[in-house]
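Visitor: Okay, handing you the structure first.
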Protein chains: 2
Amino acid sequence: MSGKEIRRSMPLFPIGTVMQLTDLTARQIRYYEEHQLISPARTEGNRRLFSLIDIDRLLEIKDLLDQGVNMAGIKQLFMVKEQLTTMTEKQTEKAKPDLTNEQLRKLLRNELLHSGRLNRSSLRQGDISRFFH
Amino acid sequence: MSGKEIRRSMPLFPIGTVMQLTDLTARQIRYYEEHQLISPARTEGNRRLFSLIDIDRLLEIKDLLDQGVNMAGIKQLFMVKEQLTTMTEKQTEKAKPDLTNEQLRKLLRNELLHSGRLNRSSLRQGDISRFFH
DNA sequence: ATCTCATGTCAGGAAATCTAACATGGTTTT
DNA sequence: AAAACCATGTTAGATTTCCTGACATGAGAT
């Protein structure tokens, strides 16, 4: 994991700040956590602490909800996207040509298995980090 | 003010987070505020909220204290530095040659007026923003 | 007409922070 | 050496923020 990623995953923000930054209510944020769309860290005293990555993700959730995707759909999307990034990374360190096809197939199979009608999602990069230079 | 500066001056962090980030106690942070070395924003409920700039400044204060500079000295240093930046900015938008000398004189006069023995300060750029890409 | 889903709202409790005051151990100053 | 000063520790009581859990609600799906 790069230094940059470490920094972006550092839990820094209390829920109040995140509410302002994302324009979501506490209820919404907790609800998304309940449905495992985010997993903010906790302080010793059990308060949520959010990272930049968490905040990006919340913005993405907001976007997808606006587009009519429901919790389950968003969850699937995130899983697929994560797999995709994981594979892209692996691919970066190996040869491209045939792995690509394998991976594509895997991806498609995955989508088909679990109600695979999610692909018209935006895949927009929520990006709160523009808040920092 | 550039967008970047706006972002860096956005009040986001509660004192607990700042304590961890700077390795200062709450007492220390409040004491520095009492002496007007920082002016964190406040929530509606009067809780302090710190910006990246505040945090940078706290790290700088820590450095200077380690080097034996006291509150008053740090305060002077910050004033001089601010004047310097202000002038540098003004200078950027105007001609350089003769203004530079005028400004230098101003700076020196300022230093001489108020116990001008502060110049061996580090002028180190405290930089918490390395925490963000 | 009922059910589900995302969200609002409220209550009671716990954690984090606030201010103010007094304590303390090094440095200066007298 | 005694007194004063400075940066920080510590404690107390009050206030704010956040927590979980429960119930309420309105728009869509069934």
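The values are calculated or read from the model by the stated rules, or taken from the named source; none is laboratory data. Every value quoted in this text rests on a predicted model; they were computed, and no experiment measured them. Note: ideal-geometry Cβ built from the backbone for every residue, glycine included; neighbour counts use all protein chains shown. For the accessible areas, the whole protein counts, side chains as well, though only heavy atoms, and no ligand, DNA or RNA atoms are used. Shrake-Rupley method; radii C 1.70, N 1.55, O 1.52, S 1.80 Å.
Visitor: To the nearest 10 Å², what's residue B:30's accessible area with a 1.4 Å probe?
Guide: For residue B:30, the solvent-accessible surface is approximately 110 Å².
Visitor: Pull up all non-local amide H partners of residue B:49: gap of 5 or more, or a different chain, and H-to-H distance under 5 Å with H placed in the peptide plane.
Guide: B:41, B:42, B:43
Visitor: Taking beta carbons within 10 Å but only from partner chains, what does the mean come to for residues A:2-13?
Guide: Numbers: counts 1, 3, 4, 1, 1, 5, 3, 0, 5, 2, 9, 4.
Partner-chain Cβ atoms within 10 Å, mean over residues of A:2-13: 3.
Visitor: To continue, here is another question. Can you tell me what percent of all Cα-Cα pairs in the stretch B:12-67 are more than 13 Å apart? Walk me through the numbers on the way to the answer.
Guide: Details: 864 of 1540 pairs.
Of the Cα pairs, 56 percent sit more than 13 Å apart.
Visitor: Between copies, how far apart are the residue A:23 label points? List them in nm, one decimal, shortest first, with each point 7 Å from Cα toward Cβ, please?
Guide: Shortest to longest, the spacings are 4.1 nm.
Visitor: Another question, then. Let me know the mean shielding of A:14-20 by other chains, meaning the per-residue number of their Cβ atoms within 10 Å of its Cβ.
Guide: Working: counts 7, 0, 7, 8, 1, 0, 5.
Mean partner-chain Cβ count within 10 Å for A:14-20: 4.
Visitor: For residue A:85, which inter-copy label distances result when the label point lies 7 Å beyond Cα on the Cα-to-Cβ vector, reported in nm to one decimal and in ascending order?
Guide: 3.3
Visitor: Something else: Using a 1.4 Å probe on protein heavy atoms only, how many Å² of accessible area do A and B hide from each other, summed over both chains and rounded to 100? All intermediate terms of the calculation are to be shown ahead of the outcome.
Guide: Working: alone 9110 and 9120 Å², together 16650 Å².
Roughly 1600 Å² of accessible surface disappears when A and B pair.
Visitor: Working out 0.36 nm times the residue gap between residue B:86 and residue B:42, then minus their Cα-Cα distance, what length gain in nm do you get to one decimal?
Guide: On the way: separation 44, 0.36 × 44 = 15.84 nm, distance 2.59 nm.
Extending this stretch completely gives an extra 13.3 nm.
Visitor: Apply the Karplus curve 6.51 cos²θ - 1.76 cosθ + 1.60, θ = phi - 60°, to the phi angles in the stretch A:18-29 and return the couplings in whole Hz, x for Gly and Pro.
Guide: 5, 4, 5, 5, 9, 6, 10, 7, 4, 3, 4, 4
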